[in-house]
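Heads up: the structure comes next, in structure tokens.
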Amino acid sequence: MRVQKFSLLAVAVAAGLSLTACQSGDDSSAGSDDSSSSAQSSGAQSSGSQDSGGSSASTGEGTGTAGSDASAGGSTGAASGTGACQTSQLAFSSSGGMAEGTLIVNLKNTGSGTCTLKGFPGADLKGKDGTVSAERSKLAPPSVSVKAGEETRFTLHYPSNDSGGSGVTFTSLVVTPPDETHSHTLPVSINVPISDGSGPAITVDPVGTGK
């Protein structure tokens, strides 16, 4: 009887160990499945976040970091001046020309990179008696590349007042660079004779011509 009891006890212990081993294996497998599901879920969320960021940046409607980076990139491009010089990145000054009846207007690039100017500027003389817009000269406009810190210029031509009369005095010059809609006003003192339209006109040369 004692031998049988020990045999039964051994069988019971062996069965218990076998059952414990099976349960341990099942738990490990279940844990692996849970870990795999968690990783897949995390991967899906990460991919969705990247797609959302890309969409915001491309449409320009994002308000997060992607939108800020896109805005900064646009600013840098404008500041570096890879295209036409903007009024906001130009410093304006004027001086009398070598010849009588000429005014030199200097345009200095205050941006961080090179920009270009090509064409005739808008040049409007203003005074208490009204406004006169300068006509374009017959000179061909060159394409001028202006590096940061450098300048170019254009010349305004006007008839000198040798009539002996008071003439017409202009006290400001409104300059609009080529390919721009924003203007800058310079103080000037230009006196021209009163004309019936048959005399010399006020003219402006393209940017980058003259000395």
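What follows is calculated from the coordinates using simple rules that are stated; it is not laboratory data. Every value quoted in this text rests on a predicted model; they were computed, and no experiment measured them. Glycine gets a Cβ as well: all are built from the backbone with ideal geometry, and neighbour counts include every protein chain shown.
Worth pointing out:
- Sum of side-chain charges, S166 neighbourhood, beta-carbon under 14 Å (Lys, Arg +1; Asp, Glu -1): -1
- Sorting 144-153, 131-140, 115-124 by average packing, meaning the other beta carbons within 10 Å per residue, from highest down gives 115-124, 144-153, 131-140.
- Here is the size of region 76-211 from its Cα atoms: Rg then Dmax, 15.5, 54 Å.
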